[in-house]
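Asker: Below is one structure. I have some questions about it.
The values are calculated or read from the model by the stated rules, or taken from the named source; none is laboratory data. Just so we're clear, the structure is a prediction, and the values are computed from it rather than from any experiment. As a convention, Cβ positions derive from the backbone with ideal geometry for all residues, glycine included, and neighbour counts pool all protein chains shown. Please note that ligands, DNA and RNA were not included when accessible areas were found on the heavy atoms of the full protein model with its side chains. Shrake-Rupley method; radii C 1.70, N 1.55, O 1.52, S 1.80 Å.
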Amino acid sequence: MQGLLKNFSFDEKVRIFSYDYLKCCVYISNLEQDSIFFTKKFFSRLIASSQILEDFLDYHGAKNNKNWYYYRELSAAVRHLSIGSYSQKHILNRLVFYDLVNTENFDREGKVTFNFLTKSIKKLTPVILDEARRLNMPVPDDNFDTFEFPGVTTNDLLDYDIDDEDKDLQKKNIVKIASEFLSIVRNFDHLGFYEPYDLKKILEIVPDKINEVEIRRFEMLVHNLQSAFDTYVIHGGYRFGNRKLKDLRGCFSVVFHLLQMIGRLLHFYERHLHEAGYKNIYKKVQEQLLLLVDSEVLLDRTINYGFYYVCHFLRTGKDLAGEILNENIERSSISVGVPVKLGFHSRPSLMVAKIVRYYGGQVELCVGEDRFDASSVLDIQWAGGKIQKENITEVKFEGDVRALKDIKILTSVNYGEDTMGKGIPLPKELGYLK
């Protein structure tokens, strides 16, 4: 049997690999209402059929063939738009369970985005069917029934009879996850923005600053965080249990699915709409795709909806993660000497503050009865003034034991400088301060 399959020609096999994909296109082209029937079950069929066709065409060199290149690019467009739509549909379905606050605008903008994506796919389908006919491929006569693709939501919920309240919530895992979330927020700060951009500004940052590679990097970090949370903290879903922990999961879960969508749309824009190759066929196909998918609206939805709300929910989760972290950290105190000769001037203050920020837990610098926030360079320098004025030689740090351990190491090298205030090499344990 396998030997017979190997004898199939390209023309015979491309019809087989196109059949489900073209049947999906027929189904879409016959829909009278757009978004209602675009369900996750349908997207899963469309994604799978377009991907296997694209893989088949790539294997046979369609990217380097004038006759088949457009058909191949259309399958890629459908795949990426469908994957982005699937992620957005997931967000719309699950939003009520995320327990996020003030989501009216987010929900409305999400529906606008979903409608744009589905309408773009709908505009592609008649062109795909025409291209298939041009290539002498039979278009399926039969059509899917809408009942084959129901939505995932119903009015019924199964009984909640596995209680996750008694699961051993190891504090070290909660601390680790909250710290990693805060680390992601810090690392994302250089990409963040706080208001919608006009097209000119978007074109300045995409793809130079915000691009598929950068977004996928953060997608992986958030995905790892979510996986660790579900494995080591709570595995019972959203409905009951520790609300703070589940609210935090809601924050990074919606961020993860937004990043999934953004990554796909940026890939489609960068690879298929933005950079055409030097060959005329590439430029011609790019121009044809731009007539079908509005790149300006695509960028607006990607940045002013997707990316904007990633920033928004990361900021929303930041305070919650800080609360959870400080409720679960192991606390202690250490007594250490002050920086020799020059006291807490800029460098020592910055080094201490960077250690505390790195771990995210609360640490205070105690000078007599006064307490100062050890994550603030300014607070430490204020404390330095009191220390110098009162000729104090030893101070106490209280708070997160992880930070205290590294502060202790820092003090062993006089806070990273010699007595003249010149920087010296740090121990390898403090390599993250460089």
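Asker: For a quick protection proxy, order the peptides 256-269, 400-413, 378-391, 185-198 by their average other-Cβ count within 10 Å, most packed first.
Answerer: The most tightly packed comes first, giving 256-269, 400-413, 378-391, 185-198.
Asker: Once the Cα atoms of helix 377-389 and of the chain are each reduced to a long axis, what angle between those two axes, in degrees from 0 to 90 to the nearest 10, is obtained?
Answerer: Between helix and principal axis, roughly 10 degrees.
Asker: Okay, next question. Return the distance in nm (one decimal) between the two label points of a simple spin-label model at residue 290 and residue 136, each offset 7 Å from Cα along Cα→Cβ.
Answerer: Distance between the two pseudo-spin positions: 3.4 nm.
Asker: Note down the magnitude of the dipole of the chain about its Cα centre, charges +1 on Lys and Arg C-beta and -1 on Asp and Glu C-beta and zero elsewhere, to the nearest 20 debye.
Answerer: In debye, rounded to 20, the chain gives about 1260.
Asker: Continuing with the same structure: Count neighbours as other Cβ atoms within 10 Å of each site's Cβ, and list the trypsin sites (Lys or Arg not before Pro) in segment 326-359 that are DSSP loop with at most 16 such neighbours.
Answerer: Answer by residue number: 341.
Asker: A further question on this structure: For the chain, which whole-number percentage of the solvent-accessible area (1.4 Å probe, protein heavy atoms only) is attributable to carbon and sulfur atoms?
Answerer: 50
Asker: I've got another one for you. For segment 40-135, with every protein chain kept in place, what is the accessible area per residue (1.4 Å probe, Å²)?
Answerer: Per residue, segment 40-135 has an accessible area of 42 Å².
Asker: For the cross-link pairs 40/123; 341/386; 41/122; 209/284; 40/63; 23/123, which exceed 21 Å when the distance is taken from alpha carbon to alpha carbon?
Answerer: Beyond 21 Å between Cα atoms: 209/284; 40/63.
Asker: Shifting gears a bit: Work out, in µm²/s and without decimals, the Stokes-Einstein translational diffusion coefficient of segment 283-356 at 4 °C, 1.567 mPa s, Rh from Kirkwood over C-alpha pairs.
Answerer: Rounded to a whole number, D works out at 72 µm²/s.
Asker: Let me ask another. By accessible area of protein heavy atoms, probe 1.4 Å, what ranking do 8, 229 get, highest first?
Answerer: So, going from the largest accessible area down, we get 8, 229.
Asker: Need the list of lysines near residue 171 for cross-linking: C-alpha distance under 20 angstrom, and skip anything on the same chain fewer than eight residues off.
Answerer: The qualifying lysines are 244, 246, 318, 405.
Asker: With the radius of gyration and the Kirkwood radius both derived from the Cα set of the chain, what is their ratio Rg to Rh?
Answerer: 1.10
Asker: Quick check: with the 1.4 Å probe, what order do 153, 103, 316, 125 take by accessible area, largest first?
Answerer: If we order 153, 103, 316, 125 from most to least accessible, we get 153, 316, 103, 125.
Asker: So how tilted is helix 171-188 from the main axis of the chain? Cα-based, degrees 0 to 90, rounded to 10.
Answerer: Relative to the chain, helix 171-188 is tipped by roughly 70 degrees.
Asker: Let me ask something additional. Averaged per residue, what accessible surface does segment 213-326 expose to a 1.4 Å probe, in Å²?
Answerer: 41
Asker: Between the helical axis of 212-232 and the dominant principal axis of the chain, each derived from Cα atoms, what acute angle in degrees is found, rounded to the nearest 10?
Answerer: Helix 212-232 and the main axis of the chain meet at about 70 degrees.
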